[in-house]
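For reference, the structure discussed in these notes is given below.
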Amino acid sequence: MYKDTNCGDPRESNVGDQITVAGWVHRRRDHGNLIFIDLRDRSGLVQVVFNPGYAEKAHDLAGSLRSEWVVQITGKVVARLPGAENPDLPTGTIELSATDLVVLNRALTPPFEVSDDAEIEANTRLKYRFMDLRRPKMQAMLKTRHKVTHIMWDYLTEQGFTQVETPILIKSTPEGARDYVVPSRVHPGDFYALPQSPQQLKQLLMVSGVERYFQIARCFRDEDLRADRQPEHTQLDLEMSFVHQDDVMAVVEELYTRIVNETSSHMTMTEPFTRLTYAESMERFGTDKPDLRFGLELTTITETAANSDARVFQSAAGSGGSIRGFVAPGCGNYGRRQTDNLTEFAKSSGAQGLVFIALDESATSIEELENDHIKSPLKKFLSLDTIKQFATEMGAKPGDLMLIVAGTEKLVNTVLSNLRNEMGRRLELADDNRLEFAWVTDFPLFDWDEDLQKYEPAHHVFSTPKPEHMEYLDTDPGKVIGTLWDLVCNGSEMGSGSIRIHDKDLQTRLFNIIGYTEDQIADRFGQLLTAFTYGAPPHGGMGLGLDRLVAILLGETAIREVIAFPKTQSAFDPLFEAPSPIEDQQLEDLHVRIVMPKT
RNA sequence: GGUCCCGUGGUGUAGUGGUCUAACACGCCUCCCUGUCAAGGAGGAGAUCGUCAGUUCAAAUCUGAUCGGGAUCGCCA
């Protein structure tokens with residue numbers, strides 16, 4: 001070993017010890033005769049002092065040291081001079097008085113400082129990711145990520161799960177997201193696909209009798225990127241046999257509680273996780289992934305609004321739409337600029353406009369409300385009584401701002417849930433140190449696709465309908481609720497699960513509802529349906545995003561920050577410069593010809 | 001595929017028609033310095049302002065295209 005001690009370890013109790021450390025030169029402070037080096041390794045920093053009177057050769061060499069050089073230093077742990085301690089450093093009460101210095105490797109001047117404060121452009125960071133990952137924050141991220149997966153392995157092993165690796169080269173099933181595909185050399189003209197998730201494979205494992213399976217699985221989707229989406233992401237994939245919804249939830253809830261408690265000292269969470277149905281979540285928050293760290297719940301005022309003289313409300317209600325809103329407490333004093341800004345925000349979410357009604361705080365109560373207390377662009381169309389009724393229904397008080405959107409139910413919900421999150425941020429209602437997990441259950445099985453005029457699976461086709469909704473499968477599929485749920489946290493979807501179908505006939509009926517032909521069913525799902533006829537146990541499970549979990553634990557919004565080697569928004573890797581052209585010979589071997597797009 | 005923001009020494013920013021022969025901080029190089037820890041002091045090097053085209057007497061600055069990064073809508077069973 002090049003070292004017997006890690007930089008971050010020595011304490012006052014080690015004073016007098018002769019130690020050897022090795023690491024990177026973090027910083028050099030050259031006082032001429034006295035030279036200080038902060039030496040960094042994975043454990044932290046230690047100050048090394050080179051004293052010419054104590055070790056002349058080492059001191060001479062230390063003068064040539066530069067940032068990020070790799071060195072080995074031997075010396076004695078000494079207590080720092082009184083007053084020279086550094087309280088910001090765990091090793092701050094001691095220093096290493098060097099006797100020997102070996103330069104193991106030099107380094108070019110780094111492209112950016114290896115420090116947490118440095119804000120470097122994303123592209124530069126990725127191009128030099130090997131340097132970026134040296135930053136203490138990134139080192140901590142890698143460790144947290146490891147710890148999370150370690151707890152997953154430990155806990156699920158305790159619970160009788162078996163980890164099984166499923167193949168990366170599988171069959172393409174073109175519905176849903178676009179597949180990444182890999183040409184086959186041995187089968188000219190044929191392609192493998194990279195898995196979007198090991199869904200069918202894990203269900204087959206249930207038929208195989210594994211009963212409890214998990215995998216930290218890489219999943220691939222050839223779709224456009226976002227802050228929370230990468231072309232390849234990692235999910236905790238798990239599946240259990242002979243279970244009901246609550247059994248799966250219990251395992252995941254205990255696992256996630258353990259993960260939060262063991263990886264984060266400052267995050268607080270509410271136990272047990274909140275539960276609400278999809279319908280309830282849409283009603284109260286306008287979204288299926290509500291941020292429960294704050295209230296600002298939505299209210300429906302369609303009826304009252306439709307009876308007013310405001311044409312926006314009349315026409316929305318008349319065409320079967322809805323009128324909903326929420327109260328921004330204490331925002332009744334918002335000026336033109338602020339309300340315009342909120343209107344802009346609402347429009348960017350697709351709204352035609354935003355109706356706001358500001359109530360002056362000088363009113364003593366809603367009952368005593370006078371016209372002078374009200375500011376609203378719709379003031380002349382809304383009677384004082386109507387506004388009082390809005391305030392009562394929505395729970396507004398003097399000094400509050402009512403935000404109201406009219407339109408189709410879907411649009412109103414989208415706009416208001418975005419606006420709700422925005423107000424939560426602006427009013428600083430969302431505590432960064434709180435994790436509000438929630439189970440959102442009873443999702444509908446199908447969505448009606450207006451463009452294609454057909455039903456689409458809301459999550460996926462393998463979820464079982466609620467027994468009491470079986471009758472609607474043929475008559476009104478849109479009404480069918482599935483045994484299908486999401487885990488959400490702070491407004492993000494953390495994972496999705498369901499009790500799966502294990503019956504060939506039922507599964508085939510569902511495929512038919514979403515319009516698959518017999519040939520398509522046989523081609524894409526034949527193996528699964530066949531397996532179901534050989535004794536498939538009832539089973540269910542979840543897929544849970546690992547990147548998002550780690551991101552939320554570390555307070556990051558972009559999952560790029562918690563992936564060692566992520567890609568840019570154009571799915572490019574600036575470090576390896578992938579993707580890249582391949583040799584003609586490779587193309588020939590693969591029986592692939594390139595047709596460039598017309599420019 | 002759409003919309004919006006950004007691109008200036010190694011890094012992060014300022015400069016938004018002429019005063020730019022491009023400023024500041026950090027970093028880098030040389031020298032000085034025995035208690036610093038974002039060390040300090042003195043001096044120095046380093047940028048055709050992403051690229052191309054246009055407007056103009058004059059472009060880092062205005063216009064268009066293009067490339068790259070980011071946010072977001074579509075998309076993401």
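The values are calculated or read from the model by the stated rules, or taken from the named source; none is laboratory data. Here the structure is a predicted model, which is why all the values come from computation and not from measurement. Please note: Cβ atoms are built from the backbone with ideal geometry, for glycine as well, and neighbour counts cover all protein chains shown. With ligands, DNA and RNA removed, areas are computed over all heavy atoms of the protein, side chains included. Shrake-Rupley method; radii C 1.70, N 1.55, O 1.52, S 1.80 Å.
Computed values, structure above
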{"item": "Carbon/sulfur fraction of accessible area - chain A, other protein chains in place, 1.4 Å, %", "result": "49 percent"}
{"item": "Reachable lysines from residue A:504, criterion Cα separation under 19 angstrom, eight or more residues apart if same chain", "result": "A:202, A:466"}
{"item": "Size-normalised alpha-carbon gyration radius of chain A, reference 2.2 N^0.38 Å", "result": "1.21"}
{"item": "MRE, 222 nm, helices only [DSSP H, n ≥ 4, -39500 (n - 2.57), over chain A, to nearest 500]", "result": "-8500 deg cm²/dmol"}
{"item": "Set of aspartates and glutamates with alpha-carbon distance to residue A:380 below 16 Å, sequence-local pairs under 8 removed", "result": "A:309, A:370, A:372"}
{"item": "³J(HN,Hα), Karplus 6.51/-1.76/1.60, whole Hz, each residue of region A:268-277, x for Gly, Pro", "result": "10, 9, 9, 10, x, 4, 4, 10, 8, 7"}
{"item": "Modelled FRET efficiency - R0 41 Å, residue A:258 with residue A:226, Cβ distances, 0.05 increments", "result": "0.90"}
{"item": "Distance between region A:396-470 and region A:230-289 - C-alpha centres, whole angstrom", "result": "17 Å"}
{"item": "Positive dipole terminus of chain A, leading residue within A:537, A:358, A:105 (C-beta point charges)", "result": "A:105"}
{"item": "Residues of type lysines that residue A:143 reaches as a straight line, Cα spacing below 27 Å, ignoring anything fewer than 8 places off in the same chain", "result": "A:3, A:127, A:567"}
{"item": "Amide H contacts under 5 Å for residue A:435, placed H, 5+ residues apart", "result": "A:268, A:269, A:270"}
{"item": "Three principal axis lengths of region A:12-105 [C-alpha, angstrom, descending]", "result": "30, 30, 23"}
{"item": "For chain A, with +1 on Lys and Arg beta carbons and -1 on Asp and Glu, the positive-most of A:596, A:527, A:381 along the dipole", "result": "A:596"}
{"item": "Stokes-Einstein translational diffusion, region A:294-429 - Kirkwood Rh over all Cα pairs, 0.692 mPa s, 37 °C, in µm²/s", "result": "225 µm²/s"}
{"item": "Point-charge dipole on Cβ atoms (K/R +1, D/E -1) for chain A, about Cα centre, debye to 20", "result": "1440 debye"}
{"item": "Label zone at residue A:558, where the point sits 7 Å out along the Cα-to-Cβ direction: region A:91-119 residues whose backbone N lies under 20 Å", "result": "A:111-119"}
{"item": "5 angstrom amide H check on residue A:229, placed H, neighbours 5+ away", "result": "A:559"}
{"item": "Point-to-point label distance, residue A:165-residue A:140, nm (Cα→Cβ direction, 7 Å offset)", "result": "3.3 nm"}
{"item": "Karplus 3J(HN,Hα) series, Hz, for region A:304-309 with 6.51 cos²θ - 1.76 cosθ + 1.60 (x for Gly, Pro)", "result": "4, 5, 5, 7, 7, 8"}
{"item": "In nm, spacing of pseudo-spin labels at residue A:36 and residue A:380 (7 Å Cα→C-beta vector)", "result": "7.1 nm"}
{"item": "Ranked packing of A:568-578, A:96-106, most packed first, by mean Cβ within 10 Å", "result": "A:96-106, A:568-578"}
{"item": "Ordering of A:179-192, A:427-440 by burial proxy (mean other Cβ atoms within 10 Å per residue, highest first)", "result": "A:427-440, A:179-192"}
{"item": "Mean accessible surface per residue for chain A, computed with a 1.4 Å probe while every protein chain stays in place, in Å²", "result": "51 Å²"}
{"item": "Anisotropy class of region A:154-312 from Cα gyration tensor, a/c 1.5 cut", "result": "oblate"}
{"item": "Alpha-carbon centroids, region A:537-562 and region A:27-82: separation in whole Å", "result": "42 Å"}
{"item": "Sum of side-chain charges, residue A:104 neighbourhood, beta-carbon under 15 Å (Lys, Arg +1; Asp, Glu -1)", "result": "+1"}
